[in-house]
Structure formats: C-alpha cells, structure tokens
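**Student:** Quick one: the structure is below, and I'll ask about it shortly.
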Amino acid sequence: MKALVTGITGQDGYYLSKFLIDKGYEVHGTIRRASTFNTSRIDPLIAKYEGTKKLNLYYSDLIDSSSLNQLVSLIEPDEIYNLAAQSHVAVSFKNPAYTSQAALGTLNLLESVKNSKKNIKFYQASSSEMYGGAKKEKLDENSLFDPKSPYAASKLFAHNMNKIYRESYGLFCVNGILFNHESPLRGETFVTRKISRAVGRIKNNIQKSLLLGNLDASRDWGFAGDYVEGMWLMMQHKDPDDWVLSTGETHTVEEFVNIAFSSVDLDWKEYVETDDKFLRPNEVNYLLGDSTKAQSILKWKPKVSFKQLVEMMVEEDCKLAEQEKILIEKNLLDITWN
Ligand code: NAP
Ligand code: F7E
C-alpha cells in the first residue's frame, strides 16, 4: 500500500507516518522548502528509513497545484492523507488569505484524484473549529457548523468540497472532524505545548512566568497518537463518510494549567499572568465532541486520558528544559524566556 501524506512534517504527520510504516505502507510525504531545517519531528523516521522505499519525501506546497498534480500522477498512491494547512487559528486572523489558499490546495488535490485512473482514497483533516463552539453542547457529525475564524472557514470550504466530490463523482472522500489533539510534538505556539514548555523551564529555573490569553476557553483534548489510528480506520471502512474523533470530555485552559503545574509541585497562580495580546478577535468558547459513531462502527477509542496527556507533555518538556539549562550554564545558549 502507498500513502501520500501532505504536511508530513507536522505533529500528525509524524504520528501518522510512523503508524503507516509500522503497518507496512510505503509513505510518500510533502515537505516545504525553508531556510532552516523543518523536518525535526520526522528526523527519527528519516534516520531509520532513508534510502529505503518506506519513506519518500518531496518538495511541494498546497498552493502549488502543478506540484500536487505531478505528485499524484508520479506516486499513484492508494490513499492520500491531506494534513497540510496553516493550522493556527490566531495566525489565521493575521494571514487570512494565505490560510484560505491552503483550502484551495485541497480542491486541487481532489481534482487530481478525480482525474487519476486509479481509485485513490482521500482523507481531509477537518476540524472541530468548524462548529464555532458558541453553546455548551455535545457536537457530532449532524451538528451545525458556524465558523468563527478564517481558519475555520477555510476548513469548512475544504470539508464541503470533499463531500461534494464524494457525492458527485463517487470518490472515496473521507472527512475526519477531529477535536483538539496534542502530544509532546505539538507546535509550541498552541496553548497546551506553550504551557508544558513553560512548566519545564520554570521548574528548571530558566523561565520566570507564563503569559496566556483566555483561561476560560474549554476544549476536548485528546492524544494525537490515538487520533491518527482513527484516521486510518476511517479509510479502511467500506464506505467513505464524515467522522468525529473526540474524547467526550472538555476542560478549560485553566484546568490544563493547574494539572501541568501541579504535576511538578508548583502552584500555577504564582507564575501565570494573562495578557490581552493573546485574545482572539472572535473566540471559540466551548468544544465538546461526541464520537459515538466512530467508537461504535470503527471500534476506535481514545486511550490516553486528559491527565495522562498533560503529564506526558510536561514530563517530556522537563527533559528538554534540563538540556537547555545545561547549555545555558555552559554559555552555549544565550536566551531568556518571560
Ligand atoms: P501542524 O503541526 O501545524 O502541521 C501542519 C503541516 O502542514 C506541517 O507539515 C506544515 O509544514 C504543513 N503546511 C502548512 N502550510 C502548508 C502549505 N501551504 N503547503 C504545504 N504544507 C503546508 O498541524 P497538525 O496538528 O499536525 O494538524 C494536521 C492537520 O489537522 C492540519 O490540517 C490541522 O489544521 C488539522 N487539525 C488539527 C487538529 C489538532 O488538534 N492538532 C484538530 C483538527 C484538525 P511546515 O512544517 O513546513 O510548517
Ligand atoms: O487554543 C486559548 C485560545 O491555539 C486553544 C488547532 O490545532 O485545535 C487547535 O486550535 C484555546 C483557545 O488551539 C492562549 O484562545 C489561551 O481558546 O491551542 P490553541 P485551537 O485554537 O483550539 C483545532 C481543533 C484545530 O483544528 C487547529 O488547527 O486556548 N488560549 N491562551 C491560548 N491559545 C494560544 N495558542 N496561546 C495562548 O497563549
């Protein structure tokens, strides 16, 4: 089996590629040219599989439709997992056009799938952000969408296009509506990793405080490793469909902060301050998912609990901070965190 994974350098890109390689897949992934190395998450996979057929990397960008078409023709994958996106909600307010262009990339990929002689299955990384989270309710595949950011609107466009290609051309187009999922490989500007990074550094006396935005926002947070298995299960089901993946629990940012600091015996109130610069023009207040459909039909289950997730992230970031501390003490790293 051959899989094409766009956005392989991201959090989910790493976990999904590892999962697929372990299942015997040949994985083909797209990376973007950058002036600094951007493959750190998948470096362990590159080191292990470079030069073998198991992992193959190509320069591409969602905005470059010709590169996407060429890749689909060249690789002729059995499955495409479209994970690439400008995935930061707050940034999408600053770069709305760029964020939206990534959604057009999804459309370009769908065209390539439609024009291919091969029956290629297509997974689209849809998001719980599309719901808008204005009410305190459980959200499933039948709940209404009400996007609150350029990111959410662009995801909804791609989600709808995917459904339209499924219904109009009979393509195997799957939408995975995933609620927030985190890990020690989460990008450092997302709130969970920002917190765990800070806790590691504060515990090691190389950071003094942590500035956050809205502590009252509530999210249904799961572990990324569990969610990539769900993506694959959706693609193995006999019919293409829309599927929600979530834990069924919601917690506020403050609860995350509390568990993270407590896990290393610190009182968060002594270190955390809020700053309006981290507030968004429009906030998604409350997200709680209902993944009954995926759990009953696909037999998918989230395995890592909220507390285990927070503690796993803090533990890994304490190790990183210990290494940073050594470098600072040896004058090999000259940096301070707030
Ligand atoms: P991530 O860590 O931000 O990774 C995004 C990936 O997309 C990176 O490989 C990035 O490349 C790539 N990318 C960004 N813009 C691109 C472009 N124009 N062309 C090609 N590649 C581009 O995101 P993630 O957490 O792994 O999430 C994976 C996908 O699921 C995303 O589409 C995200 O929106 C969606 N999603 C995530 C969550 C979540 O909680 N994690 C929930 C629902 C949906 P660089 O490494 O070069 O930046
Ligand atoms: O924010 C609040 C912030 O940026 C979570 C992406 O993967 O999940 C993610 O989007 C909450 C928000 O993730 C800070 O206002 C407080 O209410 O970690 P986040 P997100 O916006 O939920 C969805 C499902 C996706 O699809 C996205 O791709 O935390 N918050 N203080 C903060 N957020 C950040 N980033 N930084 C703060 O200082």
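**Student:** What angle, in degrees between 0 and 90 and rounded to the nearest 10, separates the Cα long axis of helix 224-236 from the longest principal axis of the Cα atoms of the chain?
**Tutor:** 10 degrees
**Student:** Taking the Cα atoms only, what angle lies between the long axis of helix 191-203 and the longest principal axis of the chain, rounded to 10 degrees?
**Tutor:** It is inclined by approximately 30 degrees.
**Student:** While we're here: Out of the GluC sites (Glu not before Pro) in the range 24-101, which ones are loop residues according to DSSP with at most 15 other C-beta atoms within 10 Å?
**Tutor:** On the way: sites: Glu26, Glu50, Glu79; in loops: Glu50.
Passing both the DSSP loop test and the Cβ count: Glu50.
**Student:** Could you give the length gained on full extension between Asn38 and Asp216, defined as 0.36 nm per residue of separation minus the Cα-Cα distance, in nm?
**Tutor:** The Asn38-Asp216 span can extend by a further 60.8 nm.
**Student:** Mean 1/r over all different Cα pairs, inverted: what Kirkwood radius does the range 265-338 give, in Å?
**Tutor:** Details: mean 1/r = 0.0584 Å⁻¹.
Over the range 265-338, the inverse of the mean reciprocal pair distance is 17.1 Å.
**Student:** Let me ask something additional. Any idea what Rg and Dmax come out to for the chain if you just take the C-alpha atoms, in Å?
**Tutor:** Considering the chain through its Cα atoms, Rg and Dmax are 20.0, 63 Å.
**Student:** Return the inverse of the average 1/r over all pairs of distinct C-alpha atoms in the range 175-232, which is the Kirkwood hydrodynamic radius, in Å to one decimal.
**Tutor:** Numbers: mean 1/r = 0.0768 Å⁻¹.
Mean inverse Cα-Cα distance, inverted, gives 13.0 Å.
**Student:** Please give the net charge around Lys54, taking every other residue with its beta carbon less than 9 angstrom from that of Lys54, where Lys and Arg add +1 and Asp and Glu add -1.
**Tutor:** +1
**Student:** Where is the GNM fluctuation largest for the chain (alpha-carbon springs, 10 angstrom cutoff): Leu62, Leu144, Leu45?
**Tutor:** Maximum among the listed residues: Leu144.
**Student:** Provide the per-residue ³J(HN,Hα) series for the range 206-219, in order, calculated from phi with Karplus coefficients 6.51, -1.76, 1.60 and θ = phi - 60°, each as a whole number of Hz, with x at glycine and proline positions.
**Tutor:** Ordered by residue, 3J(HN,Hα) equals 10, 9, 9, 8, 10, 9, 10, x, 6, 7, 8, 4, 10, 9 Hz.
**Student:** Sticking with the crude label model, points 7 Å out along Cα→Cβ, report the distance from His237 to Glu270 in nm, one decimal please.
**Tutor:** Taking the two extended label points, one gets 4.9 nm.
**Student:** Give me the net charge of Ser209's neighbourhood, meaning all other residues with Cβ under 14 Å from the Cβ of Ser209; Lys, Arg count +1, Asp, Glu -1.
**Tutor:** Net charge in that neighbourhood comes out at +2.
**Student:** Something else about it: Please compute the volume of the convex hull spanned by the alpha-carbon atoms of the range 96-196 and report it per residue in Å³.
**Tutor:** In the range 96-196, the Cα convex hull volume per residue is 126 Å³.
**Student:** Between the range 246-306 and the range 111-182, what is the C-alpha centre distance in whole Å?
**Tutor:** Distance between centres, Cα-based: 22 Å.
**Student:** For the range 104-198, which GluC sites (Glu not before Pro) pass both filters: DSSP loop (anything but H, G, I, E, B) and at most 13 other C-beta atoms within 10 Å?
**Tutor:** Glu137, Glu188
**Student:** Then there's this: What FRET efficiency comes out for the pair Tyr59/Lys299, r = Cβ-Cβ distance, R0 = 45 Å, nearest 0.05? Walk me through the intermediate numbers first.
**Tutor:** Details: r = 38 Å, r/R0 = 0.84.
About 0.75, to the nearest 0.05.
**Student:** Also, quick follow-up: Stretched out fully, how many nm does the piece from Lys307 to Glu322 gain, at 0.36 nm a residue minus the Cα gap? Don't skip to the end; give the middle numbers.
**Tutor:** Values: separation 15, 0.36 × 15 = 5.40 nm, distance 2.25 nm.
Net length gain for the segment: 3.1 nm.
**Student:** Step through the table entries Lys23/Lys299; Lys148/Lys293; Lys2/Lys138, compare each Cα-Cα distance with 29 Å, and write down the pairs that go over it.
**Tutor:** Checking Cα-Cα distances, Lys2/Lys138 exceed 29 Å.
**Student:** Let me ask something additional. Give me the angle, in degrees from 0 to 90, between the Cα long axis of helix 96-115 and the longest principal axis of the Cα atoms of the chain, rounded to the nearest 10.
**Tutor:** The helix 96-115 is inclined about 30 degrees to the chain.
**Student:** Just Arg166, Arg33, Arg186 to compare: in a GNM of the chain, with alpha carbon springs under 10 Å, which one fluctuates most?
**Tutor:** Its mean-square fluctuation being the largest, the pick is Arg33.
**Student:** So, in nm, how far is label Asn282 from label Lys138 when the simple model puts each one 7 Å beyond its Cα toward the Cβ?
**Tutor:** 2.8 nm
Readers should treat all values here as calculations from the given coordinates under stated rules, not as data from a laboratory. Here the structure is a predicted model, which means the values were calculated and not measured. Using ideal geometry, Cβ is built from the backbone for each residue, glycine included, and neighbour counts are taken over all protein chains shown.
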